[in-house]
Amino acid sequence: MITGRFAPSPTGPLHMGSLVTALASYCSIKQAGGEWLVRIDDLDPPRQDPNAVNAIIRCLTAHGLHPDRPIIFQSDHAGAYESALQKLAPNLFYCKCSRKKLRAHDRYPGTCREARTPLPDRAVRVLLSDTEHGYCDGFLGSVDGNFAAQLGDFIVRRRDGLISYNLATAVDDGNTISEVLRGQDLLPVTAPQRYLMQLLGLTAPDYTHIPCLEFADGTKLSKQTHAPPLNEHSALANLRAALGYLGFQAPDAIDSVGILLNWSIAHFDLSQIPTKLPKYQPS
Ligand code: GLU
């Protein structure tokens, strides 16, 4: 079974950059006859906006992007993440380094690698091996995965107990999702996520990282860069614009969201997406 997902963090409303990625993922999966899921990555309460979950769901619905199964919430999976941590135990260590201390290093210097028994008030890190974790990306082709050199032993549970995005995503994507299509801003987390899936004995999905939508000055649209929220009442125009950024032009005569989505599924073609998207133009 082909299964894909769109996995927004509920830090704010969706913007045009989110729609571009959601639409590409939706079309790619639907064209292959698969199931498209929506997962809310709600594991970081301090960064979350309490209204964002409802706003995201309403916005996807207005744009006709209905998931094939009930919406998944990472906050419901605490048990699965704890079991994963237990499984990973032989590869974990317990780090007491402060952020301040680590700021001087490009990557984790391995200071606490010997602390192999669980201790409270410590961040939990995974011990990296020097092996390559490269893979073949659906959009970018061969990707170098030598993240041991770039990143060092990375955190799987923060000192305050929060499960890291990488661990949660590895647990939720492994064995369940067959194709992850997302923005190239997430390329650096792919090797760590694949490594965790490998340690956990989970099958990793295929990955496709498409370019991110940027403002004229080259910054990525995001909540931090104040990307304007999508107006749900202009769903048809928004979808047309998203298709345009991806390199597709739907016939002007199409006047409904459903018909436009069907057209998009039929015409979607990864090889038509430009390596750099046209710059964002506010409507
Ligand atoms: N939740 C992450 C985000 O919104 C993305 C998750 C993913 O696609 O892996 O940036």
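The values are calculated or read from the model by the stated rules, or taken from the named source; none is laboratory data. From a predicted model like this one, the values you see are computed outputs, not experimental measurements. Counting neighbours? That spans all protein chains shown, and the Cβs are built from the backbone with ideal geometry, glycine included.
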Top-ranked residue in the range 160-202 [being charged (D, E, K, R) and modelled with pLDDT of 95 or more; ranked as nearest to Cys97 (Cα to Cα)]: Asp185
Some residue of the range 81-95 being on the phi > 0 side of the Ramachandran plot and either at pLDDT below 95 or within 16 Å of the ligand (Cβ to nearest atom) (or both): no
Residues satisfying the stated conditions in the range 83-97, i.e. farther than 11 Å from Val126 by Cβ and surrounded by fewer than 18 Cβ atoms within 10 Å (Cβ to Cβ): Ser83, Gln86, Lys87, Lys96, Cys97
Some residue of the range 133-145 being among the small types (Gly, Ala, Ser) and closer than 18 Å to Ser9 by Cα: no
Tally of residues being closer than 11 Å to Leu43 by Cα and in contact with an Asp or Glu (Cβ under 7 Å, 6 or more places away or on another chain) across the range 151-164: 1
Leu43, sole failed condition from (1) surrounded by fewer than 20 Cβ atoms within 10 Å (Cβ to Cβ); (2) over 23 Å from Trp263 (Cα atoms); (3) not β-branched (Val, Ile, Thr): (1)
Options Ala32, Ala55: the member that is farther than 23 Å from Leu221 by Cβ, out of contact with any Cys (no Cβ under 6 Å at 6 or more places or on another chain) and surrounded by fewer than 19 Cβ atoms within 10 Å (Cβ to Cβ): Ala32
Complete set of residues in the range 154-176 that are surrounded by fewer than 23 Cβ atoms within 10 Å (Cβ to Cβ) and of a type in the set (Val, Ile, Thr): Ile155, Thr176
Residue among Pro205, Pro211 that is more than 14 Å from the ligand (Cβ to nearest atom), more than 19 Å from Arg107 (Cβ to Cβ) and touching a residue at least 24 places away in the same chain (Cβ under 8 Å): Pro211
Residue match in the range 50-62 (condition: within 16 Å of the ligand (Cβ to nearest atom), at pLDDT 95 or above and hydroxyl-bearing (Ser, Thr, Tyr)): no
Pro109 being closer than 24 Å to Thr11 by Cβ, not in a helix (DSSP H, G or I) and not basic (Lys, Arg): no
Enumerated helices (runs of 4 or more DSSP H) restricted to the range 118-210, each holding at least 3 residues that are within 16 Å of the chain's Cα centre (by Cα) and over 22 Å from Leu277 (Cβ atoms): 165-173, 187-200
